[in-house]
Amino acid sequence: MDYTAKLDEALNHLHVEGRYRTFIDIERKNGHFPHATWRRPDGSETPVTVWCGNDYLGMGQHPVILAAMHEALDATGAGSGGTRNISGTTVYHKALEAELADLHGKESALLFTSAYIANDATLSTLPKLFPGLIIYSDALNHASMIEGVRRNGGAKRIFRHNDVEHLRELMAADDPAAPKLIAFESIYSMDGDFGPIEAICDVADEFGALTYIDEVHAVGMYGPRGAGVAERDRLMHRLDIINGTLAKAYGVMGGYVAASHKMCDAIRSYAPGFIFTTSLPPAVAAGAAASVAHLKRDQGLREQQQTQAKILKTRLKAMGLPIIDHGSHIVPVIVGDPVHTKKLSDLLLEGYGIYVQPINFPTVPRGTERLRFTPSPVHGPREMDALVSAMDALWSHCALNRAELSA
């Protein structure tokens with residue numbers, strides 16, 4: 001086989017469809033985010049405003065986090081030195097897990113290097129713990145959940161997105177004695193819609209199923225202490241396993257699950273994705289713990305972020321742009337074509353210094369390609385005005401003119 005030719009074929013396929021992903025090299029400016037520097041391929045530098053990051057609250061530059069990380073770095077050095085089982089468990093990891101367990105009102109929490117790994121490792125391990133387990137997974141669950149369910153070797157059922165009646169039908173058709181788990185999300189990151197948590201918990205109670213919720217795009221953002229939508233809706237006690245991230249609203253890195261002592265103990269004892277992975281650097285764990293602790297108290301940042309999202313949605317709607325608004329902090333503008341989405345993204349970057357990454361298949365279904373804006377408390381009136389003005393100019397003159405966009 002001509003391996004190089006096969007690689008060329010695979011990559012060319014993405015180029016032809018307009019789905020080839022281009023990474024934009026940026027340098028964040030501490031204390032000035034969302035402003036950053038775009039380093040072009042020719043080496044020149046251009047100031048940009050980042051509108052697509054997941055540092056939803058700007059915590060990646062918060063002095064409380066930076067101080068905690070500096071202190072831990074000076075005290076312990078760079079890396080953890082091993083897996084959690086072999087020298088990689090430090091006082092910083094334990095302190096972070098205690099903060100997370102307290103955040104979600106659970107007995108324990110288990111730290112992973114990312115929420116992707118937490119989902120994949122946990123969902124792929126649960127059938128080992130509950131032989132014959134059937135997992136009922138929402139059709140729009142994140143790729144990490146899909147991968148975990150796919151790899152676990154057990155039975156799975158896919159229910160239509162947020163369709164509780166379909167979920168009930170699927171569960172009713174299965175053996176009542178079989179162990180069951182429902183896996184879903186609180187906020188689906190591409191449309192920004194909410195999962196029907198209470199209704200799903202009711203179905204779980206009806207059929208004796210465990211519940212597994214991904215709160216990745218909600219932790220730090222919702223609820224009186226930032227524990228997520230389940231906290232906001234006073235439903236955390238009805239959820240058996242809660243997955244979250246430290247890399248979005250908390251501004252650092254890492255993922256976790258929070259559950260009972262026995263559940264976390266079993267996962268840490270059986271999940272290869274936990275057992276064989278080097279643990280997070282102590283400085284990262286320290287920064288994450290400081291962020292979680294701070295956001296338990298700082299409701300003001302959450303309120304500012306929600307206000308910014310509402311303002312941006314209102315202004316884009318007034319311009320007639322096709323945005324999706326489910327009441328969350330995520331602001332998707334549907335373009336509907338991969339080539340045009342990429343072109344619009346390029347025009348915003350080149351002409352206006354606005355960086356928003358195009359979102360194409362397979363992240364979203366074909367025909368729903370979009371620009372996904374993530375306003376934050378550090379996006380002020382000046383940044384907002386610049387974005388709205390740029391979108392108005394480009395949408396009016398280009399976005400509706402496919403021939404021009406394709407030029």
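The values are calculated or read from the model by the stated rules, or taken from the named source; none is laboratory data. All values derive from a computational prediction rather than experimental measurement. Cβ atoms come from the backbone with ideal geometry, glycine included; neighbour counts cover every protein chain shown. Heads up: the accessible areas ignore ligands, DNA and RNA and are worked out on the full protein's heavy atoms, side chains in. Shrake-Rupley method; radii C 1.70, N 1.55, O 1.52, S 1.80 Å.
Given charges of +1 on the Cβ of Lys and Arg and -1 on the Cβ of Asp and Glu, with all other atoms neutral, how large is the dipole of region 80-191 about its Cα centre, in debye to the nearest 20?
Values: 11 positive and 14 negative charges, 87 e Å.
Charge dipole, region 80-191, about its Cα centre: 420 debye, nearest 20.
Counting heavy atoms of the protein chains only and a 1.4 Å probe, report the per residue accessible area for region 240-399 as a whole number of Å².
37 Å²
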- Using a 1.4 Å probe, how large is the accessible area of Val284, given in Å² and rounded to the nearest 10? 20 Å²
- Mean accessible surface per residue for region 78-177, computed with a 1.4 Å probe while every protein chain stays in place, in Å²: 44 Å²
- Under the 7 Å Cα-to-Cβ spin-label approximation, His70 and Asp385 lie apart by a distance in nanometres of 3.4 nm
- Once you put a point 7 Å from the Cα of Met319 and another 7 Å from the Cα of Glu45, both along the Cβ direction, what distance in nm separates them? 2.9 nm
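Using a 1.4 Å probe on the protein heavy atoms, what percent of the accessible area of the chain belongs to carbon and sulfur? Show your work: numbers first, answer last.
Working: 9750 of 17660 Å².
Of all accessible area on the chain, carbon and sulfur atoms account for 55 percent.
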- Item | Charge-dipole axis of region 45-108 as Lys and Arg at +1 and Asp and Glu at -1 on Cβ define it, positive-most pick from Asn85, Leu103, Pro63 | Asn85
- Message: Show log10 I(q)/I(0) for the chain at q = 0.06, 0.08, 0.14 Å⁻¹, two decimals, from a solvent-free Debye sum over equal Cα scatterers.
- Response: -0.26, -0.46, -1.34
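Can you tell me the FRET efficiency between Ile26 and His261 if r is taken as the Cβ-Cβ distance and R0 is 41 Å, rounded to the nearest 0.05? Mind showing how you got there, number by number?
On the way: r = 42 Å, r/R0 = 1.02.
My answer for the efficiency is 0.45.
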- Message: Could you compute Rg(Cα) / (2.2 N^0.38 Å) for region 278-384, with N its residue count?
- Response: 1.30
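Using the alpha carbons of region 202-331, what is the convex hull volume per residue in cubic angstrom, as a whole number?
Details: hull volume 19.5 nm³, N = 130.
Output value, Cα hull per residue: 150 Å³.
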- Surface accessible to a 1.4 Å probe, His35 within the full protein complex, Å²: 50 Å²
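Using the Cα centre as the reference, give the magnitude of the dipole from point charges on the C-beta atoms of the chain (Lys, Arg: +1; Asp, Glu: -1; all else neutral), rounded to the nearest 20 debye. Write out the running numbers ahead of the final one.
On the way: 39 positive and 47 negative charges, 55 e Å.
So the dipole magnitude of the chain works out to roughly 260 debye.
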- Each label sits 7 Å from Cα toward the beta-carbon; between Asp102 and Ala143 the label points are separated, in nm, by 3.6 nm
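Step by step: find N for region 1-158, compute 2.2 N^0.38 Å, then divide the Cα radius of gyration by it. What's the final number? Numbers along the way, then the final one.
Numbers: Rg = 21.4 Å, N = 158, 2.2 N^0.38 = 15.1 Å.
That ratio works out to 1.42.
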- Message: I want to make sure I understand the PRE zone here: with the label point 7 angstrom from the Cα of Ser396 toward its beta carbon, which residues in region 309-340 have backbone N atoms less than 12 Å away?
- Response: 319-320
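Which whole-number percent gives the relative contact order of the chain, counting Cα pairs below 8 Å spaced six or more residues apart? Write out the running numbers ahead of the final one.
Working: 785 pairs, mean separation 85.6, N = 407.
RCO, the chain: 21 percent.
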- Note on the structure: Filtered hits (lysines, Cα-Cα < 25 Å from Lys94, offset >= 8 within chain) -> Lys106, Lys248, Lys262, Lys296
- Task: Identify, among Pro176, Leu126, Phe159, the residue whose Cα sits farthest towards the positive end of the charge dipole of region 107-183, taking +1 on the Cβ of Lys and Arg and -1 on the Cβ of Asp and Glu, with the dipole about the Cα centre.
- Result: Leu126
- Could you list, bin by bin from short to long, the percent of Cα-Cα pairs of region 112-161 in 10 Å steps? 30, 54, 16, 0
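Say a site is exposed when it is one of the trypsin sites (Lys or Arg not before Pro), sits in a DSSP loop, and has at most 16 other Cβ atoms within 10 Å; what is then the longest site-free stretch of the chain?
The answer is 30-159.
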